[in-house]
Every structure is written in structure tokens, then in C-alpha cells.
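S.K.: Below is one structure. I have some questions about it.
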Amino acid sequence: MFETLAVVGITGAVGRIMLRLLEERDFPCKNYRFLASARSAGKKLSFKGTEYTIEELTPEAFAGCDIVIASTPDDVAAEFLPAAVEAGAIVIDESGYWRMKPQVALVIPEVNPAAALEAKGIIASPNCSTTQMVMALKALHDASPVKRVIVSTYQAVSGAGSQGTVDLVEGTKAHLNGDEYEYQAFAHPIAFNAIPQIGSEKEAGYTSEELKMVYETRKILGDESIQINATCVRIPVANCHSESITVETERPISPEEARELFGNFPGIVVDDHVAEGKYPLPSACSDRDEVFIGRIRRDLSHPDGLSFWCVSDNLRKGAATNAVQIAELIAEHRFSKTAAG
């Protein structure tokens, strides 16, 4: 059992889900500390029947912590998390800052658990849109190596933070009433609209979100040869990201084989009955930890191609759940070895 866990960014959307998950899953730890910005310091929260006071995030706040789970903006992660490592803590980070650093493990527990167990210092949790896609790709990749991926995402406003949800609700009300609304999280109206840009512009006309899916996927799967083309789109859905994915594999994988591979992979649920109108929907997948896959079919344009639809809760498996699962993986490995020794 860990001695002291610090949760950083506890007042954010992902931080609040982490709090719930740690309680529901009875994470093995004796003491807990909850850290946030100076603005939130001093506020109270209830956890496992005990009232805690939120502490201000400072480099000194990690003293005595042996594990840290953080969900903060990139600049905060860059500034403060090295202090947690220096204090001797295992650090699991949700931000994008550390993911592609060569010395940092990028982990999805169902996909590359050994990377977490061998890691030194910070362990990064992937981008939400990457996580659900790589879960699906891994199920196929183990049977026949994935050579090429074309993915289009349909991403929920919750991925833009709490303000994204506010923008959707208030922008929709304003649109229906014929009123003006000043959007805060988006450069364009999201109500009754689709925005084909998530993140900043990068090389060759791609956005930062799209390139995350490229580079993070290769790192997690340990295969730099996989060719990936991503288009990321924000749509007016409250929660859960959806993805249309087409893959080319080394040998053909039939839809029947794919259903079996997906169905046997931990954390994936297959819902594929198009004749009955049954397939994953964001409205049905919200507040779930699994990755849902349907619309599995041959790619008519390529003999080695397969297409499918993939939906997952971006705040849970795409963020909070994956981080907590990494912590659980480390705890299970560490304390099972201790018991055996």
C-alpha cells in the first residue's frame, strides 16, 4: 500500500473524476493530499468520509508523497512535476507536456504495461483521442501489424474543459433564441456547427491534436513505421469522442476476426448490429470506462483494409481512468512483489 498520494488539479473536470474513481475503486493508499492553484487552496472537499483541505500547489507540497497523479495545463506540469520526482514520488501526468520526451514512458495499461513498470520519474498518460484509437489498434496489431491508419475524430466539447461545455449550452440557447453569444473556448460557434481544427496549426497544415495522434500512437505501440493520417473535428456533443478509423494491416483481417479480436481485448466492448441500428453512441457511452467499437466492415477500397467506429468517454478512459489505472498497475506490481518477497 502506498503511504501518501497527492492529486494535483483536483478542482478541474478530470481531477473531480479522479477523486471519484480513487474512492470507488478503493485505491490502496493510507494518506491523501489534494493540490490546486492558490485560488482554490483552503477550500474543503470530502473523500472517503473524511474532510480534506485543498493545499496550494508548490514545489514543497510534494514532500512525503510517494505517488502523484496530476491533471494540469502543460505549463503547470512543466514547472511543478520535476519537484515531485525530486521528492522521490512516482508521477503520473495527464498533461501533454511530457508525453513525447524520450525519457518519459507513455502508457495505456492494457497496451504497454511494461513501460510503466520500467519507468523512472514521470509516466505520461496519452491524449484522449489517441488512447481510444490505440486500444483498438493494439487488438489488431497483435494479430497482424498495422501499416497505415486514416482517422477522423468527432470530439466532444468537454475535451475543451468546463468552458467548452458552457459554450455549447449557452451558445445553443442563444442560437435558438436568436441572440448573440460570445464564445470563450472556441474560435467559432460550436452550436449547430463543426469546427475542423483542434489545437494550433503545425507543419504541413496539420494541427497539434492531429500530430499528437500520429506521434503518440507510434511511441505507445513501439512502431515508428506506422503511417497515420488524422483529421480532428470538434462537434456539438457534450461528452465522449467518436472516431471513424480505417486501417491497413499486413495481412487482411476480416470483420468476423476483428469482432473476435476486439471482443477479447481488455477494456473494449463490441456493439456492432447495424441492421438493428445498434452501434456505439456518445450518449450511451458517457460515464463509462470502456472503449466501444461498432460498424466493423471491410474497406472496399483496399484488400487489406478494415473500417470501424470507435467511441469512448474522453474524460474517463481518455484521461482520469487511464491515469488511475496506471497507478493501480504500479501498486499491484509493487505490493505483490513485496508480499511475495
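S.K.: Over the chain, with the other protein chains present, what is the accessible area per residue in square angstrom, probe 1.4 angstrom? List each step's numbers first, then the result.
M.R.: Values: 15170 Å² over 341 residues.
Heavy-atom SASA per residue in the chain reads 44 Å².
S.K.: Among the listed pairs Lys43/Lys202; Lys30/Lys219; Lys101/Lys138; Lys101/Lys317; Lys101/Lys147; Lys43/Lys173, which have their C-alpha atoms separated by more than 28 angstrom in this model? Let's see the in-between values first.
M.R.: Values: Lys43/Lys202 39 Å; Lys30/Lys219 34 Å; Lys101/Lys138 22 Å; Lys101/Lys317 22 Å; Lys101/Lys147 24 Å; Lys43/Lys173 32 Å.
From the list (Lys43/Lys202; Lys30/Lys219; Lys101/Lys138; Lys101/Lys317; Lys101/Lys147; Lys43/Lys173), the Cα-Cα distance tops 28 Å for Lys43/Lys202; Lys30/Lys219; Lys43/Lys173.
S.K.: Here is a follow-up. Per Stokes-Einstein, at 20 °C and 1.002 mPa s, what whole-number D in µm² s⁻¹ belongs to segment 142-234, with the Kirkwood radius over Cα pairs as the hydrodynamic radius? Show your work: numbers first, answer last.
M.R.: Numbers: Rh = 15.0 Å.
Diffusion coefficient, whole number: 143 µm²/s.
S.K.: Show the residues, 5+ positions off or on another chain, whose built amide H is closer than 5 Å to the amide H of Leu35.
M.R.: Those lying under 5 Å, H to H, from Leu35 are Val7, Val8, Gly9, Ile10, Glu55.
S.K.: Right, something else. So how compact is segment 62-164: Cα radius of gyration and Dmax in angstrom?
M.R.: Here Rg and the maximum Cα pair distance are 15.5, 47 Å.
S.K.: Here is a further query. What is the calculated FRET efficiency for Asn193 to Leu117, with r their C-beta to C-beta distance and R₀ = 35 Å, to the nearest 0.05?
M.R.: Working: r = 44 Å, r/R0 = 1.26.
Once rounded, the FRET efficiency stands at 0.20.
S.K.: To the nearest 10 square angstrom, how much accessible area does Ile150 have with a 1.4 angstrom probe?
M.R.: So the heavy atoms of Ile150 present about 70 Å² to solvent.
S.K.: Right, something else. Rg/Rh for segment 132-188 to two decimals, with Rh computed the Kirkwood way over all alpha-carbon pairs.
M.R.: 1.28
S.K.: Separate question: When only the heavy atoms of the protein chains count and the probe is 1.4 Å, how do His333, His241, His141 rank by accessible area, highest first? The partial results should precede the final answer.
M.R.: On the way: His333 75, His241 0, His141 30 Å².
Largest to smallest exposure gives the sequence His333, His141, His241.
S.K.: Output wanted: per-residue J couplings in Hz (rounded whole) for segment 191-198, from phi through Karplus 6.51 cos²θ - 1.76 cosθ + 1.60, θ = phi - 60°, x for Gly and Pro.
M.R.: Result, ordered by residue: 5, 6, 8, 9, 10, x, 8, 10 Hz.
S.K.: Moving on to the next point. If you wrap a convex hull around the C-alpha atoms of segment 221-341 and split its volume per residue, what is the figure in Å³?
M.R.: Numbers: hull volume 19.8 nm³, N = 121.
Dividing the Cα hull volume of segment 221-341 by its residue count gives 163 Å³.
S.K.: In 10 Å bins starting at zero, report the fraction of Cα pairs in the chain per bin as a rounded %.
M.R.: P(r) over the chain, rounded to whole percents: 5, 25, 32, 25, 11, 2, 0.
S.K.: Further, regarding this structure: Got a sec to turn the phi values of segment 257-264 into Karplus ³J(HN,Hα) couplings, 6.51 cos²θ - 1.76 cosθ + 1.60 with θ = phi - 60°, whole Hz, x for Gly and Pro?
M.R.: Values, residue by residue: 5, 4, 4, 5, 4, 4, x, 8 Hz.
S.K.: Return the long-range amide H neighbours of Gly305 (sequence gap of 5 or more, or a different chain), with a cut-off of under 5 Å between placed amide H atoms.
M.R.: Residues meeting the amide H criterion: Asp299.
S.K.: Quick one: Karplus J couplings for segment 211-217, per residue in order, coefficients 6.51, -1.76, 1.60, θ = phi - 60°, nearest Hz, x for Gly and Pro?
M.R.: Karplus-based 3J(HN,Hα) across segment 211-217 equals 6, 4, 5, 5, 6, 5, 4 Hz.
The values are calculated or read from the model by the stated rules, or taken from the named source; none is laboratory data. Not measured: the values here are computed from a predicted model. Because the Cβ atoms are built from the backbone with ideal geometry, glycine has one as well, and the counts that use them run over all protein chains shown. Heads up: the accessible areas ignore ligands, DNA and RNA and are worked out on the full protein's heavy atoms, side chains in. Shrake-Rupley method; radii C 1.70, N 1.55, O 1.52, S 1.80 Å.
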